[in-house]
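The values are calculated or read from the model by the stated rules, or taken from the named source; none is laboratory data. Worth saying up front: this structure is predicted, and the values here are computed from it rather than measured. Methodologically, a virtual Cβ is constructed for each residue, glycine included, from the backbone with ideal geometry; neighbour enumeration extends over all protein chains shown.
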Amino acid sequence: MKKVSIVSLGCAKNLVHSENMMGILQKHGYELCDDYSEAEAIIINTCGFINSAKEESINTILEMANYKEDKCQVLIVMGCMVQKYPEELAEGLPEVDVFLGTGSYLDIADILDNYTKEQGQMVEIADTWEKESDEAQPRVITTPKSYAYLRISEGCDNNCTYCVIPQMTGPYRSRSIESIVTEAQDLAAQGISEIILVAQDTTYYGYDLSGRFLLADLLKELNKIDGLRWIRILYAYPNNFDDELIETIASLHKVCKYLDIPLQHGTDKILRKMNRKITVQEIESLIAKLRAKMPDITLRSTFITGFPSETEEDFAELLAFLEKVQLERVGAFAYSREEGTAAALMPEQIPSQTAERRAELLMEEQYDIMYHCHEKRLGQKCLVKVDELSEDIDGLLLCRSMSEAPDVDPYILVYNDFTHQIGDYFWVKITALDEYDMIGEIVNDDELAE
């Protein structure tokens, strides 16, 4: 058995694990295969965060199981959903040969090497997380060659009442600064110019190692790496910002003036029930402090609608909060009642249709805020990087500036350019707005000097 396909579901943090598995398998002589019908083994790295993610995982498993009628001899399902529901999945999906939890991905080659059909269905769920990925682990980058995600920790200690992540990934475990810097240097040596720091909570980084937050120290070291141009921070929990971190982000030229800060709600009542350990006033103070220090910063956040006991008045207060703080980027999710969480046992559960309606209304309101933010950028010049070349329109480049993260944010579209390639940087002027994206025209050196 030599040809292996990997299907990665869920977040960027999960993608990094999948990329590590690809590197490990290649190192052990396996051939990575994009054509599932040719694969002799198929591995699905699942997401189990909310109900829609679990449904996607189940549907993908059933779809991949059909390839056992072709050349697939071993179907492996692993990751967060398996860690949470091993017995239920094993009983309900007999077509799956191997189930692995979140702690087994570094052993994937040994498991494939040694598994035989005679063993029957195999379920391996570690209740400890002793093995961690580090800079020594091989990795195959699957994102466009202009950027890569860099995972700085595993697990989470926050225990939000709606979230199953700590149960699936264990306590917070930071990598050392040296390990992260070494991997970042390796990525830069491969020609990757943007690294995107991910963790369940990036601002908590280092606390388990030293009793203090070390993200600022890490950023200072990453900023020294030749070849890196942009360092982006995602999943920045709002509680752990101090003056040193804000000053560091503001002062380091490679660190994007962009922060993804999951806030989840805009009322003290719901924030308390979520166990977010922060008030609306503290959130507003943080936003004001960030904008005072970095007037050009772009802020992104996510919010949950329909959390237990959320009234129409609470939702109206959330919308008023968004109108007040004018976040440039927002995502909204209807609350998902997850077994094993404190929130699942709370009274006053909100009907799913109500939660979904509120999420849609929130995004409609946010669209106007986003469009207004885009209007302010008309006529402004910014440095962009090419992420993709359009497959549909010749000469159309899909670009991002420091103010846009991949996958979740708008593009800056550049038309009629046949010279630049993925990873190239150049300056544009924002000249028009699309429904969601912006349109830029390339700026020559004379215009740049104006």
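Listed by position, the helices (runs of 4 or more DSSP H) enclosed by segment 38-100 that each have at least 2 residues that are at pLDDT 85 or above and surrounded by 23 or more Cβ atoms within 10 Å (Cβ to Cβ) are 80-84.
When residues in segment 284-336 are screened for being in contact (Cβ under 8 Å) with a residue 24 or more places away in the chain, of a type in the set (D, E, K, R) and over 19 Å from residue 242 (Cα atoms), 8 of them pass.
Quick check on segment 8-36: of everything there that is among the small types (Gly, Ala, Ser) and modelled with pLDDT under 90, which residue is farthest from residue 141 (Cα to Cα)? Working first, answer last.
Filtering segment 8-36 for residues among the small types (Gly, Ala, Ser) gives 8, 10, 12, 18, 23, 29.
Now narrow it down to the ones that are modelled with pLDDT under 90: 10, 12.
Details: 10: 16, 12: 12 Å.
Across segment 8-36, the extreme among qualifying residues is 10.
For (1) under 29 Å from residue 358 (Cα atoms); (2) surrounded by fewer than 20 Cβ atoms within 10 Å (Cβ to Cβ); (3) modelled with pLDDT under 95; (4) not basic (Lys, Arg), each residue gets a yes or a no:
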position: 184; (1), (2), (3), (4): no, no, no, yes
position: 194; (1), (2), (3), (4): no, no, no, yes
position: 202; (1), (2), (3), (4): yes, no, no, yes
position: 205; (1), (2), (3), (4): no, no, no, yes
position: 220; (1), (2), (3), (4): no, yes, no, no
position: 251; (1), (2), (3), (4): no, yes, no, yes
position: 255; (1), (2), (3), (4): no, no, no, yes
position: 265; (1), (2), (3), (4): yes, no, no, yes
position: 271; (1), (2), (3), (4): yes, no, no, yes
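When every residue of segment 252-275 is checked against the conditions, none turns out to be assigned to a helix (DSSP H, G or I), within 22 Å of the chain's Cα centre (by Cα) and closer than 30 Å to residue 188 by Cα.
Condition check for residue 374 on (1) more than 20 Å from residue 298 (Cβ to Cβ); (2) over 23 Å from the mean Cα position of the chain (by Cα); (3) not basic (Lys, Arg): one failure, at (1). Total residues in segment 162-182 satisfying the condition of being polar (S, T, N, Q) and either on the phi > 0 side of the Ramachandran plot or surrounded by fewer than 19 Cβ atoms within 10 Å (Cβ to Cβ) (or both): the figure is 4.
Limited to segment 276-294, what total is found for residues that are in a loop (DSSP other than H, G, I, E, B) and farther than 19 Å from residue 305 by Cβ? I'd like the intermediate steps shown before the answer.
Within segment 276-294, the first condition is being in a loop (DSSP other than H, G, I, E, B), and the residues that meet it are 276-279, 294.
Next, from what is left, pick out any that are farther than 19 Å from residue 305 by Cβ: 277, 279, 294.
Number satisfying all stated conditions: 3.
Consider residue 303 carefully, then state whether it is more than 25 Å from residue 85 (Cα to Cα), buried (at least 21 other Cβ atoms within 10 Å of the Cβ) and in contact with a helix residue (DSSP H, G or I) (Cβ under 9 Å, 6 or more places away or on another chain).
On the way: more than 25 Å from residue 85 (Cα to Cα): yes; buried (at least 21 other Cβ atoms within 10 Å of the Cβ): yes; in contact with a helix residue (DSSP H, G or I) (Cβ under 9 Å, 6 or more places away or on another chain): yes.
Here the answer is yes, as residue 303 does meet what is asked.
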